Amino acid sequence: MLPQLGRAAMLPLWTAQLATGTKSFERNGIIGSAWLNRHGLHTARVSLAHRIAAARRRRLSGLVSARDREDFARDGFVVRPDFLPAAEFATLLDQVKSYRGPLREITEGDTILRKIALDPKTLAVLPGLARLLDAPEWRGLIRYVGGRDAEPVVWIQSILRHACDGPPDPQTALHADTFHPTVKAWLFLTDVAADQGPFTYVPGSQRVTPERLAWERRMSLAAARSPNAENRQGSSALSQANCRRWACPSRASSRCRPTPWSSPTPSASMRAARASGVPCGSRSGPMAGGARSCPGPGSTLGPGPGWRGAA
Ligand SMILES: [Fe+2]
């Protein structure tokens with residue numbers, strides 16, 4: 001009786017959350033309802049979110065070049081080698097390496113992430129990063145790919161794989177972060193070796209095809225009771241076979257393979273990818289940076305207050 005009363009009390013909140021980015025199948029009884037999802041609730045949310053983002057992106061199309069729009073439409077990401085001139089990049093790297101300040105540490109599986117929030121006070125002593133974040137090219141790409149004219153949350157980030165005891169890092173398996181379009185971008189401060197878990201993206205997997213929607217529907221029916229915690233929270237794990245089947249039907253098969261971004265790509269490259277509803281295995285090695293960037297390998301930044309949470 002009590003659990004039923006509790007669910008009834010939650011109904012107004014759960015209903016209101018349908019119009020937001022809330023994605024947890026486990027915590028929202030409406031979003032997680034197998035009956036509603038069998039009748040199209042989840043797939044309707046996916047389709048609507050993508051249509052809204054596409055309309056917003058059309059309005060923001062003047063912020064990026066025709067080439068960027070073309071690359072993004074085809075692959076779901078934009079790669080920009082040598083995003084900064086060499087001298088500017090060297091200055092930025094020096095400033096980041098010599099920065100000393102508080103940071104937060106997160107563990108996810110056997111990976112440790114160290115993050116420095118780039119608030120105005122921090123950016124005041126990192127003028128190279130402040131200039132980058134103010135650059136029209138950066139601002140335009142972030143806004144266009146994300147389909148939102150809004151400031152992104154930006155970090156300096158170090159990712160240390162196999163750095164602590166724990167189960168395998170769930171971010172290293174191909175997955176779709178969420179059901180709705182969003183954006184992630186990195187300015188890599190160092191190269192990331194292939195065996196260090198470079199960010200990986202399935203080209204073309206941003207498209208909402210009938211195959212994709214069929215998969216979304218199947219996944220949504222069982223997600224609330226999935227043994228996989230990430231699935232229950234709305235980040236859906238994908239098999240590589242699944243990706244190949246529906247990621248990019250019009251492309252040659254070699255292009256359908258997940259694309260790792262790793263060495264020997266220039267460390268100054270910038271990559272902006274649509275991470276929503278898009279299968280991505282992400283762990284960008286020990287040193288990945290940018291909108292999520294990171295301190296140099298010699299950084300002596302100490303761990304901040306313990307902070308565990310999903311990345
Ligand atoms: Fe992820």
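The values are calculated or read from the model by the stated rules, or taken from the named source; none is laboratory data. All values reported here derive from a predicted model rather than from experimental measurement. Virtual Cβ from ideal backbone geometry, glycine too; neighbours counted across all protein chains shown.
Structure above, values below:
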{"item": "Qualifying positions in segment 135-157 - in a helix (DSSP H, G or I) and either within 16 Å of the chain's Cα centre (by Cα) or surrounded by 19 or more Cβ atoms within 10 Å (Cβ to Cβ) (or both)", "result": "W138, L141, I142, R143, Y144, V145, G146"}
{"item": "In segment 147-196, the residues that are within 16 Å of the ligand (Cβ to nearest atom) and of a type in the set (D, E)", "result": "D169, D177"}
{"item": "Among the residues listed as F188, F179, the single one being in contact (Cβ under 8 Å) with a residue 60 or more places away in the chain, touching a Ser or Thr at 6+ places or on another chain (Cβ under 6 Å) and not polar (S, T, N, Q)", "result": "F188"}
{"item": "Scope segment 98-114; condition crowded, with 16+ Cβ neighbours inside 10 Å and basic (K, R); matching residues", "result": "R104, R114"}
{"item": "Residue in segment 115-134 that is within 16 Å of the ligand (Cβ to nearest atom) and either more than 16 Å from the chain's Cα centre (by Cα) or surrounded by fewer than 23 Cβ atoms within 10 Å (Cβ to Cβ) (or both) present", "result": "yes"}
{"item": "Helices (runs of 4 or more DSSP H) (entirely within segment 1-92) containing at least 1 residues that are in contact with a Pro (Cβ under 8 Å, 6 or more places away or on another chain) and acidic (D, E)", "result": "66-75"}
{"item": "Which numbered condition L36 misses (of (1) closer than 21 Å to S205 by Cα; (2) among the aliphatic types (A, V, I, L, M); (3) at pLDDT 95 or above)", "result": "(1)"}
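Per-residue answers, yes or no, for (1) in contact (Cβ under 8 Å) with a residue 24 or more places away in the chain; (2) surrounded by 12 or more Cβ atoms within 10 Å (Cβ to Cβ); (3) out of contact with any Cys (no Cβ under 6 Å at 6 or more places or on another chain):
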{"position": "Q4", "(1), (2), (3)": "no, no, yes"}
{"position": "L11", "(1), (2), (3)": "no, no, yes"}
{"position": "W14", "(1), (2), (3)": "no, yes, yes"}
{"position": "A19", "(1), (2), (3)": "no, no, yes"}
{"position": "N28", "(1), (2), (3)": "no, yes, yes"}
{"position": "G32", "(1), (2), (3)": "yes, yes, yes"}
{"position": "G40", "(1), (2), (3)": "yes, yes, yes"}
{"position": "R45", "(1), (2), (3)": "yes, yes, yes"}
{"position": "L48", "(1), (2), (3)": "no, yes, yes"}
